[in-house]
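Here the structure comes first, spelled out in structure tokens, and everything after it is commentary.
The values are calculated or read from the model by the stated rules, or taken from the named source; none is laboratory data. Only a predicted model underlies this, so the values are computations on that prediction, with no experimental measurement involved. Ideal geometry is used to build each Cβ from the backbone, glycine not excepted, and the neighbour counts take in all protein chains shown.
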2 protein chains.
Amino acid sequence: MLEYKPNMVLSTKEFKVVGTRPIRHDGLDKVTGRARYGADILMPGTLHGKVLRSPHAHARIKRIDASKALRLPGVKAVVTGADFGNVSAQANVQAEGGFQNAGFLSQNIMARDKALYPGHAVAAVAATSIHIAEEALSLIEVEYEVLPAVFDALEAMKADAPILHDRLMTSTQLMGAGGTRPEGEKGTPTNIAKHFEIIAGDVEKGFREADVIVEREYQTQRSHQGYIEPHTATALWDSEGKITIWSSSQGHFVVREQTAALLGVPVSRVKAIPMEIGGGFGGKTSVYLEPLAAVLSRKTGQPVKITMTRAEVLTASGPTSAGYVWVKMGAKKDGSLTAVQSKLIFEAGAYPGSPVGGAARCMLAPYVIPNAHLDCYDVVVNRSKTAAYRGPGAPIGSFAIEQALDELGEKLGMDPLELRERNAAREGTRQITGVQFGPIGCVEVIQAAKDHPHSSAPLGGPHRGRGIAMGFWGNGAGPSTALASVNPDGTVSLVEGSVDIGGHRVVVAMQLAEALGIPVADVKPSVGDTDSIGYTSMTGGSSAAYKTGWACYEAGQDIKRQMIVRAALIWGVKEEEVEYLDGVLRHRADTELRMTFKELAARLNLTGGPIAGRATTDVRLQGPAFGAHIVDVEVDPETGKVDILRYTAIQDAGKAMHPSYVEGQMQGGAVQGIGWALNEDYYYNKEGQMVNNSLLDYRMPIALDLPMIDTVIVEVPNPGHPYGLRGVAELPLIPPLAAIANAVYHATGVRMTRLPMNPTRVLEALQAKENGRSAPKR
Amino acid sequence: MLEYKPNMVLSTKEFKVVGTRPIRHDGLDKVTGRARYGADILMPGTLHGKVLRSPHAHARIKRIDASKALRLPGVKAVVTGADFGNVSAQANVQAEGGFQNAGFLSQNIMARDKALYPGHAVAAVAATSIHIAEEALSLIEVEYEVLPAVFDALEAMKADAPILHDRLMTSTQLMGAGGTRPEGEKGTPTNIAKHFEIIAGDVEKGFREADVIVEREYQTQRSHQGYIEPHTATALWDSEGKITIWSSSQGHFVVREQTAALLGVPVSRVKAIPMEIGGGFGGKTSVYLEPLAAVLSRKTGQPVKITMTRAEVLTASGPTSAGYVWVKMGAKKDGSLTAVQSKLIFEAGAYPGSPVGGAARCMLAPYVIPNAHLDCYDVVVNRSKTAAYRGPGAPIGSFAIEQALDELGEKLGMDPLELRERNAAREGTRQITGVQFGPIGCVEVIQAAKDHPHSSAPLGGPHRGRGIAMGFWGNGAGPSTALASVNPDGTVSLVEGSVDIGGHRVVVAMQLAEALGIPVADVKPSVGDTDSIGYTSMTGGSSAAYKTGWACYEAGQDIKRQMIVRAALIWGVKEEEVEYLDGVLRHRADTELRMTFKELAARLNLTGGPIAGRATTDVRLQGPAFGAHIVDVEVDPETGKVDILRYTAIQDAGKAMHPSYVEGQMQGGAVQGIGWALNEDYYYNKEGQMVNNSLLDYRMPIALDLPMIDTVIVEVPNPGHPYGLRGVAELPLIPPLAAIANAVYHATGVRMTRLPMNPTRVLEALQAKENGRSAPKR
């Protein structure tokens, strides 16, 4: 019997369900097209909404005249910033990675006095058809006063740069103080939304101890999360003031909380119903359309549905930050690192909140770093507000650090894996943030990489190179709720609060099934709306399978306790004489007294009533994840095109609950990394407008671009989970950028410090190398 | 603080929410037409179903040819009895008042070899529009061999009567053996589905001791429950074999269980989603359309929706039984009853299951009866299968007993209330079934009737009379589940499993609010579907406010326990030092340590996670209800029309949770009783076809027919409920029939032993009396 004790690790062989690969409960619905996504909701009387967006990167909105639009037959309402009141900039709401400023969030979904990027919402309309709504947009007159704009974080930090927000004032904060500064504090207006440093040891002393030092600048571009399903929201604001929202998000409780905060109503007035989600990757952790649809519904009394086009998705949602990272790194001759100094400047888009903190916390975590100094900047620019993207910030930091390590290894004459093993973090290692590691799988991952045939296979041709890179993700957690009811036929209906993005329902159902000793097919999982299930934090940060799985495990224990009481009543024995083992209730002494879960389930309603299990958990610290990716590339010297020949992703999953879905996460992350590394880019004209805002022009990798992504799951159980699970979803996007850049270097001798490594850039770099110049900066 | 202890009764003044009259949570949705009833579901691709019904009362189905119908463009599928297989007649499924035979239920929803009543379903069709479906019905060829039919229970008991079911064999069962007889047992085929006797004391001896004896036959007609909303069901049978059903019923778990049994699938394959219900009164406790829609959906792969017309409702669903009751009753000169002998013959319709048991158990319960002998028959006839109707059977039994008591009182020269008080049941009284009463309000109800000004008011004119009658209902119970989640804004989302017919949500929310010491507006109740909430027995038998309210009370206790633990953690004190009083957590000693429910609710997610409360209850014995109705009538001697001049309903509610809804139940029951007593009737032609199958011709009372129904709520707390509540919904239909008949007698001197007392019948009786004859039997 599985009985969780703190710090106990369960060995694999005890499990019957955990680690198997059952078909997911929602699988057939999805492959047959029956699953209902956000846009599949269409109630009678639904109005269609469209959003009017600013063509300007920076402009004062002097006047909006919607009277012509309102006269168009079929147009029912228009909303502008005036309809959204003043949301206090002091209020914070839950979002990926902690909290988000409600005032800025409110401005981002609907501009007030200024439009801050091309694509910024300035008005929205609801009409009886989508075509009328589109036509109405062209009838809304907006008078803009165009202002100078700034698009680049480094430019935006200059003293004479155009200022986006008057309320952002200069200051420096040390890590941990967090948050944006209070309004009204004295200082100079700035585009630096946040500046903090992380200091460990004495970096000057570290560099003095170093035998070898490398130093280089790296730059990454904006990259969109690229989910298949565009944002969509349908809202009904009824005459009692209750707001019902159907949308696809990574957390309907976040939708509830953000919508309530932005509309100034208590959370219980908002009911958020989670639809199936067609991908999120961090980009569906903030509301965009929900409050607009809600206010349009309040004005019209009808349900209002708004769905973004792909162009709107690309210009007004996501992506991750463009990042600038300068790194200086020193090591002794034996390879041991002595110091790392780094400056990270991340553009947040038009409102504060880049993932620079994620980059800073993660990029050095795989290694023992005695001395470090990171200088970090979150900078606003006239581009769309960035959003979380799978391991937010960490891929950008690792792109720099893992290349610097490679360069250092080359200078030291050390194999990349040997160098990493030499410095690998272990249980007890103190990170530069001060946090000490518990049991982790960093060394085991490096060992698995060394042992893997890929790391020693011949490259098999010219212009080929192999790169490796490590990655670290801290793995999130948070509050979660699970409720489970035993059915008379021995099945269990499970209601849980985590949105299912990538197979979540089966993975948490497995944890309940394991706890009860019943087949996972006998658990019927569903995701409850915000009125039906207790508070559950979002599906993000690689937390959902962990936290909600744990809640399911505890709900199973709750059911078992009640079943033991019931069996004791039926048998007329003491509770402590009954045990529950592998789905069977037994009297500890009398072998005749025996009932299966199914048998007792059938008798519940006649022997004291139904049994429901409930559990809430609030685990704050998960077990972190480490991974290593190995990639072989071939670079065409004529065109600069980089082909991925072979790719192996290795990762510590703690315990792979459903190995197929762990593998799927590893493969998906690697592929998103390949796209980010080689091709995906935002092309802007000089007005700051994105010119490649379709998936034809925004070039994501397709199957033909890719080899099979091989995976190796390492299992170093997480002692902080009943089944040893660690979050797995963020990590696989962290190593690819650097691994591919390292491979390109080894294929060509050219160090690509700027992404994407598309044919033009690589060709330019090859030509510059031939001409004895360094690669051009742009 | 409310802490329930067994056998404790809470006094009224302790309550803050219980006994108030808040606006129901679903009120605005209902009055504005936004509430979604069964027929409001319409998914894309939904097909429309129609049912072909037998025109014959008794006919062998020799052949069904649907080929022409299937060739009609738009017709997608036809089902007949052949599609429903053999459901074992041994299997029982949950239904109102216990269990229902699954084999008979299956045959009732779709005839197999024989059609047993006009309106019996013989085929169903699904088509792209309702009009095509209707046209298709006329293209289905059914070859019938018409058989002799029997319509009257007394006729059906005769030796030469046509036999409906070969498997019903003669036998006699004593009360308690229950159920229909196993198949294949030797005996003579019969239409008597069940025969049982209840014997208490020695009835012969009782009559020998009597000074006065009365003896008379009574007959009641079929009367339909008359809900506004016709039956409707939409089903989707998906390619994985999961069946989702949207329907309006009194219990979605019953829909799940019956549908699963009739289709031969496990209950967990069926998800029943409860829609709002437009009245049930017992008539929505069995499936009619759900399995048909499901099988049509399986055949077509599309959702299928079937909605009955009013004619179908009247001819193929409901009503309650027509009943024959012979009563002989004896009393001493002092009014004390010595013996009651009775024969009850109830027609069940085409399949077994009249409420004769309910009549037998209830009709004598208000009185101390030392000697009794009841001889009870459940008889099948070629009419539609009856269904439960509010206090099933009890109004029919009371119609006889309460008139017999009046006749006895007249002979003894005793006031009707005095006679009833003389014999009233009290705590400790043993019913004829052997069950002893706990604390009951019978005497208190009689006293309230005596004290009420109505009982002594002058009648104020000729042709007027006053009648009184008592009623008893045992009140049901059963398993129930409630789950409650605390929201950060201090509200509580409550999910419960009982269908809300008449204000249930607010009534159970009040019980949770009272338990937590918070306002009822802060509780957000909803009814979960069968996948979202634990098993909950149906809303029927006057059980739902009692059992699910109790579950809500316990869920509140579960939340309070967890909040005490959380407060102790936050304050760093021991749990036992914290108390929860009136919605406030306090340290028992340190007055500075104090937090309201709302304050702690806001902090839960940061101090250990959300809190969810769960409770399941399985209370089997509720507290019974007693009531007395007083009615004044005026009989027009020219036309025989009976007008209700004044009506007072008095009832013990234990504790009236929401007095407005208790009063509403009392008024509604009285009005249904007035309709049953005076007008409602099934007119059949000689083929057994109902000829008045519309609400124009089936004459239910409207507001113009009625005076204001006055109500008096007596509160004798039920010790078997934390707030003392007793079920209230069934009882008010039990006294009216006899009360009105007694009033007519006192107005005219004519004893109406046959219902309805419509103008024709009353006039005939008046004329017969003038002519010195007894009233005609028909």
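Some values worked out for this structure:
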quantity	calculated
Qualifying residues in the stretch A:115-141 (those that are buried (at least 22 other Cβ atoms within 10 Å of the Cβ) and in a strand (DSSP E or B)) - the one farthest from the chain's Cα centre (by Cα)	A:ALA127
Test: residue in the stretch A:597-619 that is surrounded by fewer than 24 Cβ atoms within 10 Å (Cβ to Cβ), away from chain B (no Cβ under 14 Å) and at pLDDT 95 or above	yes
The stretch B:541-555, residues that are under 21 Å from the mean Cα position of the chain (by Cα) and either surrounded by fewer than 24 Cβ atoms within 10 Å (Cβ to Cβ) or on the phi > 0 side of the Ramachandran plot (or both)	B:GLY541, B:SER542, B:SER543
Tally of residues being over 16 Å from B:GLY349 (Cβ atoms) and buried (at least 24 other Cβ atoms within 10 Å of the Cβ) across the stretch B:304-319	3
Qualifying positions in the stretch A:142-168 - in a loop (DSSP other than H, G, I, E, B), in contact with a strand residue (DSSP E or B) (Cβ under 9 Å, 6 or more places away or on another chain) and more than 9 Å from A:VAL381 (Cβ to Cβ)	A:LEU147, A:MET157, A:ILE163, A:HIS165, A:ASP166, A:ARG167, A:LEU168
Filter pass, B:VAL584 being β-branched (Val, Ile, Thr) and either facing chain A (nearest Cβ under 8 Å) or within 20 Å of A:GLY608 (Cα to Cα) (or both)	no
In the stretch A:524-564, the residues that are free of Cβ contacts under 8 Å to residues at least 40 places away in the same chain and within 12 Å of chain B (Cβ to nearest Cβ)	A:SER526, A:SER532
Residue match in the stretch A:454-470 (condition: small (Gly, Ala, Ser), touching a Gly at 6+ places or on another chain (Cβ under 7 Å) and closer than 30 Å to A:ALA747 by Cα)	no
Verdict on A:ALA521 being touching a helix residue (DSSP H, G or I) at 6+ places or on another chain (Cβ under 6 Å), more than 9 Å from chain B (Cβ to nearest Cβ) and modelled with pLDDT of 95 or more	no
Residues (buried (at least 24 other Cβ atoms within 10 Å of the Cβ) and either touching a residue at least 60 places away in the same chain (Cβ under 8 Å) or touching a Ser or Thr at 6+ places or on another chain (Cβ under 9 Å) (or both)) located in the stretch A:258-274	A:GLN258, A:ALA261, A:LEU262, A:VAL270, A:ALA272, A:PRO274
Verdict on A:ALA513 being among the small types (Gly, Ala, Ser) and facing another protein chain (nearest Cβ under 10 Å)	no
Condition check for B:THR429: touching an Asp or Glu at 6+ places or on another chain (Cβ under 9 Å), of a type in the set (S, T, N, Q) and modelled with pLDDT of 95 or more	no
Meets criteria (over 27 Å from A:ALA551 (Cβ atoms) and either under 24 Å from the mean Cα position of the chain (by Cα) or of a type in the set (D, E, K, R) (or both)) for A:ALA703	yes
Exclusive hit being out of contact with any Pro (no Cβ under 8 Å at 6 or more places or on another chain) and touching a residue at least 40 places away in the same chain (Cβ under 8 Å), set B:VAL507, B:VAL578, B:VAL486	B:VAL507
Residue list for the stretch B:655-700, filter: among the polar types (S, T, N, Q), surrounded by fewer than 21 Cβ atoms within 10 Å (Cβ to Cβ) and under 30 Å from B:ALA521 (Cβ atoms)	B:SER660, B:GLN667
Those strands (runs of 3 or more DSSP E) lying entirely in the stretch B:428-506 with at least 2 residues more than 14 Å from chain A (Cβ to nearest Cβ) and under 21 Å from B:GLU663 (Cβ atoms)	B:464-473
Selection from the stretch A:358-403 of residues that are surrounded by fewer than 24 Cβ atoms within 10 Å (Cβ to Cβ) and touching an Asp or Glu at 6+ places or on another chain (Cβ under 8 Å)	A:ASN371, A:HIS373, A:ASP375
Residue satisfying all of: in the stretch B:174-208; assigned to a strand (DSSP E or B) and out of contact with any His (no Cβ under 9 Å at 6 or more places or on another chain); modelled with the lowest pLDDT among these	B:LEU174
Identity of the residue in the stretch A:47-83, part of a strand (DSSP E or B) and basic (Lys, Arg), that ends up nearest to A:MET690 (Cα to Cα)	A:ARG53
Of residues in the stretch B:261-315 being more than 21 Å from the chain's Cα centre (by Cα) and assigned to a loop (DSSP other than H, G, I, E, B), the one farthest from the other protein chains (Cβ to nearest Cβ)	B:THR309
Qualifying residue in the stretch A:687-698 (condition: in a loop (DSSP other than H, G, I, E, B), under 30 Å from A:GLY19 (Cα atoms) and modelled with pLDDT of 95 or more)	no
Within the stretch B:662-682, tally of residues that are more than 16 Å from the chain's Cα centre (by Cα) and not aliphatic (A, V, I, L, M)	6
Test: residue in the stretch A:155-173 that is of a type in the set (Val, Ile, Thr), farther than 24 Å from A:PRO73 by Cα and at pLDDT 95 or above	yes
Meets criteria (more than 17 Å from B:MET657 (Cα to Cα) and acidic (Asp, Glu)) for B:ASP529	yes
Where a residue in the stretch B:660-682 is modelled with pLDDT under 95 and its partner, wherever it lies, is among the charged types (D, E, K, R) and surrounded by fewer than 24 Cβ atoms within 10 Å (Cβ to Cβ), with Cβ under 8 Å and at least six apart	B:SER660/B:ARG21
Hits in the stretch B:376-402 (condition: over 16 Å from B:ARG216 (Cβ atoms) and not in a loop (DSSP other than H, G, I, E, B))	B:CYS376, B:TYR377, B:ASP378, B:VAL379, B:VAL380, B:ALA394, B:PRO395
Some residue of the stretch B:392-401 being among the β-branched types (Val, Ile, Thr), at pLDDT 95 or above and within 18 Å of B:ALA322 (Cβ to Cβ)	yes
